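The values are calculated or read from the model by the stated rules, or taken from the named source; none is laboratory data. Here the structure is a predicted model, which means the values were calculated and not measured. All Cβ positions, glycine included, derive from the backbone under ideal geometry; neighbour counts span all protein chains shown.
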Amino acid sequence: MKIRKLLVANRGEIAVRIIRAARELGLKTVQVHSAADVESLAVRMADEAVNIGPPHAARSYLNIDAILNAARETGADAVHPGYGFLAENAGFADAVTAAGLVFIGPSGDAIRTMGDKVAARVAAKKAGVPCVPGSEGRIDDPDEARRVAAQIGFPVMIKAAAGGGGRGIRIAHSMEEFETLMPQASAEAKAAFGDGGLYVEKVIERARHIEVQILADGRNAIHCFERECSLQRRRQKVWEEAPSAILPEKVRQELCASAVALAASTNYRGAGTLEYLYDDQSQSFYFIEMNTRIQVEHPVTEMITGIDLVREMISVCAGEPLRFSQSDVTRRGHSIEVRINAEDPAKNFMPAPGTVESLKVPGGPGTRFDTMLYAGYQVPPFYDSLLGKLIVWDETREGAITRMARALAELDVQGLATTKSLHQILATDPQVLASDVHTRWLEPWLEKNAHRLTQ
Ligand code: ADP
Ligand code: ADP
Ligand code: MG
């Protein structure tokens, strides 16, 4: 491997995950951090740490100059961006490369093509992958926007080209609503992503969210099967599985082949995920976007394939060829991940930062807890509420759900509210057990079950 010291340009559980992979590869690690993260687990674990600025992410985790200075000062020769922050910023990928460092992700150009949702739709159509019916490109002109919306038919989805994390999305049920929501969506996207560009799509009702993990070395691309993430709140995933319990094998093969074709069409390098909506009545799938980075829910794929995705992405980005061919990638059993967030389910998921007074972590067979937590840790209020991910594996989906319930009962975080109780109830819900859900199933369920949710 041509790299020796890896700088981690992220925080939280994913920073810890990256440090673990780096260590197994024999790499030294540099953890950059804000003033709010001096006591973070990643800072404690890394070989070196550099304070790059104040708590506000714009002045630390999003500060490209400060990150590159830290790399220079410590002699790091590669940068891993994790997810969120600068992970899908093409300018950052270019700046890292221009500084003579290895970016653990695709090239800036590949991010420009596949990380921008509008450009990715164009690439998908070119590669023959079905997309959700919608606008051809960005819609800047209000007249054009009205024309496209009328043509698609209401309800329509207004989406930010640069969007992510479920933000920058609106649903309009009528032309009147559409006219009010367009400027709001554009302003929100401009504020959140620095880019107010919008496009519109048909709303796929009762869709399931199914995504394909790929790995590529710039020459070859392979898939590592799919994940299903249909349990969502505010378009954010809360519970993820691999494989999907309802996908027919023939559709699985088509879906995975389409993802590989699309990745290969951009000479992609690294780990990536192609997200689709799936209509199980008609067995049709529609490409929605590509995430040109490691995803939060990557562990469920690791559990069923035995592949360490973070290690592989570092290796291919350092210039090594893929160590697997498609036929080497096999899957076994079923894996489920739930997101443990610092949010209070009894108070409409209000963010609940605080100090971890005590912590008991689940263990035993088929059980993994990827977390930034330790007893005494003060969860800062400035960032994402994700504290950790509880991941289980078993031979069958039923077994995995039983194991999840067992592991959740072992998890004990004192001092702050978490989303554990939500997952405990979901793990006993008949519709979840039957996988009879879709992306807009959880929100009405939450309203009905609000009284059962506790801190
Ligand atoms: P995944 O797609 O891996 O399931 P999420 O959608 O939960 O991940 O996003 C992971 C983190 O990255 C969240 O903090 C989210 O807000 C952030 N994020 C995702 N996409 C973007 C983006 N385009 N710009 C800024 N932040 C993003
Ligand atoms: P983000 O970048 O925020 O992850 P996505 O395009 O991946 O945005 O969409 C996030 C979620 O919003 C999807 O998982 C799905 O639940 C919902 N969604 C997105 N597009 C559509 C659509 N056209 N019809 C119905 N639901 C959609
Ligand atoms: Mg998405």
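Inspect region 374-381 for any residue being touching a residue at least 12 places away in the same chain (Cβ under 8 Å), within 26 Å of ALA192 (Cβ to Cβ) and surrounded by 15 or more Cβ atoms within 10 Å (Cβ to Cβ) and give the result as yes or no. There is at least one residue in region 374-381 that is touching a residue at least 12 places away in the same chain (Cβ under 8 Å), within 26 Å of ALA192 (Cβ to Cβ) and surrounded by 15 or more Cβ atoms within 10 Å (Cβ to Cβ). Within region 91-101, the set of residues being over 27 Å from PRO299 (Cβ atoms) and either basic (Lys, Arg) or within 16 Å of ligand 1 (Cβ to nearest atom) (or both) comprises just one member, GLY91.
State the number of residues belonging to region 245-267 that are within 20 Å of GLY306 (Cα to Cα) and in contact (Cβ under 8 Å) with a residue 40 or more places away in the chain.
3
Since ARG233 meets every condition but one in (1) within 15 Å of ligand 1 (Cβ to nearest atom); (2) in contact with a strand residue (DSSP E or B) (Cβ under 9 Å, 6 or more places away or on another chain), which condition does it not meet? All conditions pass for ARG233, except number (2). All of ASP384, ASP436, ASP370 fail the test of being assigned to a loop (DSSP other than H, G, I, E, B) and in contact with a Lys or Arg (Cβ under 9 Å, 6 or more places away or on another chain), apart from ASP384.
Here region 1-21 is the region considered, the condition is being modelled with pLDDT of 95 or more and farther than 21 Å from ILE391 by Cα, and the residue that is surrounded by the fewest Cβ atoms within 10 Å (Cβ to Cβ) is ARG4. Tell me whether region 53-74 contains one or more residues that are farther than 26 Å from PHE193 by Cα and buried (at least 20 other Cβ atoms within 10 Å of the Cβ). No, region 53-74 contains no residue that is farther than 26 Å from PHE193 by Cα and buried (at least 20 other Cβ atoms within 10 Å of the Cβ). Filtered by the rule that a residue be farther than 21 Å from GLU88 by Cα, in contact with an Asp or Glu (Cβ under 8 Å, 6 or more places away or on another chain) and among the β-branched types (Val, Ile, Thr), region 181-240 gives a lone residue, ILE204.
Output the strands (runs of 3 or more DSSP E) that fall wholly within region 214-321 and possess 1 or more residues being over 24 Å from GLY165 (Cβ atoms) and of a type outside the set (D, E, K, R), or say none.
221-233, 284-291
Of all residues in region 134-182, those that are in a loop (DSSP other than H, G, I, E, B), within 29 Å of the chain's Cα centre (by Cα) and more than 15 Å from ligand 3 (Cβ to nearest atom) total 9.
Cβ-Cβ below 9 Å, separation at least six or inter-chain, first residue in region 430-452 and within 15 Å of GLN236 (Cα to Cα), second of a type in the set (Phe, Trp, Tyr) and in a loop (DSSP other than H, G, I, E, B): which pairs? From region 430-452, the pairs are LEU446/PHE349. What do you reckon, is ASP94 more than 16 Å from ligand 3 (Cβ to nearest atom), within 25 Å of the chain's Cα centre (by Cα), surrounded by fewer than 16 Cβ atoms within 10 Å (Cβ to Cβ) and closer than 27 Å to GLY270 by Cα? No. Of the set (1) modelled with pLDDT under 95; (2) surrounded by fewer than 14 Cβ atoms within 10 Å (Cβ to Cβ), all apply to HIS173 but (1).
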